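The values are calculated or read from the model by the stated rules, or taken from the named source; none is laboratory data. Predicted, not measured: the structure shown is a model, and the values here were computed from it. Neighbour counts are summed over all protein chains in view; Cβ atoms, including those assigned to glycine, are modelled from backbone coordinates with ideal geometry.
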Amino acid sequence: EESTTAEQPSEVVEIGTGAFRGNKAIVRVNMPAGVKQIKNVAFQGCRNLEKISFSGGLATISSAAFESCRLLKEVVIPDSVSFIGRAAFGSCSSIPFFFYFLLHHFLWKLLHHFLEITTPFTTPIET
């Protein structure tokens, strides 16, 4: 019998490609602190998935990881995430508008961080 909550043991460091793809029984996902990466299409097509709880250690949400999770409505992306792949949340039609605002804010934060790192003279030159 399939569980309605996908909970990973604390020693898991990544969720593999397609690990839960198409699983219609999953309603919630709870990621432990050890998970650093969610690979491509890991939860793609989990039609009944409504809520994802990420840990603060997560760094990467790969392409199409949660694509077509049409009932997904509760997602909080921790500050530790530094990469979100293409269409990671594509076709998740139940995600509220504020999520898109937060995603935009996250992307702007990454861009700003990138520009700060690559600007050659960020500190004043003493004379």
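Any residue that is at pLDDT 70 or above, outside any loop (DSSP other than H, G, I, E, B), touching a Gly at 6+ places or on another chain (Cβ under 9 Å) and surrounded by 13 or more Cβ atoms within 10 Å (Cβ to Cβ) - is there at least one of those in the stretch 54-74? Yes, some residue in the stretch 54-74 is at pLDDT 70 or above, outside any loop (DSSP other than H, G, I, E, B), touching a Gly at 6+ places or on another chain (Cβ under 9 Å) and surrounded by 13 or more Cβ atoms within 10 Å (Cβ to Cβ).
Residue 47 meets each of the listed conditions (1) surrounded by fewer than 15 Cβ atoms within 10 Å (Cβ to Cβ); (2) more than 14 Å from residue 21 (Cβ to Cβ); (3) of a type in the set (D, E, K, R) apart from (2). The set of residues in the stretch 29-43 being modelled with pLDDT of 95 or more and in a strand (DSSP E or B) consists of 37, 38.
Only a single criterion out of (1) closer than 19 Å to residue 14 by Cα; (2) part of a loop (DSSP other than H, G, I, E, B); (3) under 13 Å from the mean Cα position of the chain (by Cα) is not satisfied by residue 46, namely (3).
Give the residues of the stretch 75-89 that are surrounded by 15 or more Cβ atoms within 10 Å (Cβ to Cβ) and assigned to a loop (DSSP other than H, G, I, E, B), sorted by residue number.
77, 81, 85, 87, 88, 89
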